[in-house]
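The values are calculated or read from the model by the stated rules, or taken from the named source; none is laboratory data. Keep in mind the model is a prediction, meaning the values are calculated, not measured. Please note: Cβ atoms are built from the backbone with ideal geometry, for glycine as well, and neighbour counts cover all protein chains shown.
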Amino acid sequence: MAAVRLKTLDLWGKRVTQHTGLLEELNNELPSTRAINDRIPKQFIFDKKYKIQLHEDHRCEGLRPTELRIFTDGSKTGNGTGAGVFSEDLNIHIATPLGVHNTVFQAECLGISLAALAITTRKVKDHSIRILSDSMSVLQALSSHTVNSGLIYECHQRLNQEDVWWTTQTVEWSL
């Protein structure tokens, strides 16, 4: 598997040797090892403009009249995977099919990215934004200061855009 990671990161040697031939044999035996994957060189993130909250905060329920809430979700069925975004406050109703080979993690991450994109597109001003997700694993990945997933890095970039108009943005875990 180390060879697959090196090949993905374009660090695998170009010279054909007996050792490099092992990866070619593996690719012939298991074609899925040639599939596109999400791994990127490690990125360090120290400039987050958003807050990740890994617990539900019931104390603040209904106390912030200017806070806008956006709900995200990802799911997988026998027919495929999809991401969804909903906000009554901003009239957002997004349902995006992803296909049969995507994971729930990818769908959940895409849901958060689509929510951030929808906020930016609508040029929301002078409001606190709370994006609610039930994916603890995606939120933990976003809370890390090191990222080696292209999808998580792209989600961070969307949440951290320069041309933002909202006052604060929190991504919160909720059941």
**Message:** Between a residue in segment 74-98 that is in contact (Cβ under 8 Å) with a residue 24 or more places away in the chain and more than 17 Å from H127 (Cβ to Cβ) and any residue that is of a type in the set (K, R) and surrounded by fewer than 19 Cβ atoms within 10 Å (Cβ to Cβ), which pairs come within a Cβ distance under 9 Å, given they are 6 or more apart or on different chains?
**Reply:** G82/K76
**Message:** Please pick out the residue among S128, S135, S75 that is touching an Asp or Glu at 6+ places or on another chain (Cβ under 6 Å) and over 21 Å from Q161 (Cα atoms).
**Reply:** S135
**Request:** Name the single residue, out of those in segment 87-125 being among the small types (G, A, S) and touching a helix residue (DSSP H, G or I) at 6+ places or on another chain (Cβ under 6 Å), that is nearest to L68 (Cα to Cα).
**Result:** A116
**Request:** Please enumerate the residues belonging to segment 116-165 that are touching a residue at least 12 places away in the same chain (Cβ under 8 Å), farther than 24 Å from D57 by Cβ and within 13 Å of the chain's Cα centre (by Cα).
**Result:** L117, V147, N148, S149, G150, L151, Y153, E154
**Item:** Filtered residues of segment 64-75 (kept if over 16 Å from E172 (Cα atoms) and modelled with pLDDT under 95)
**Value:** P65, T66
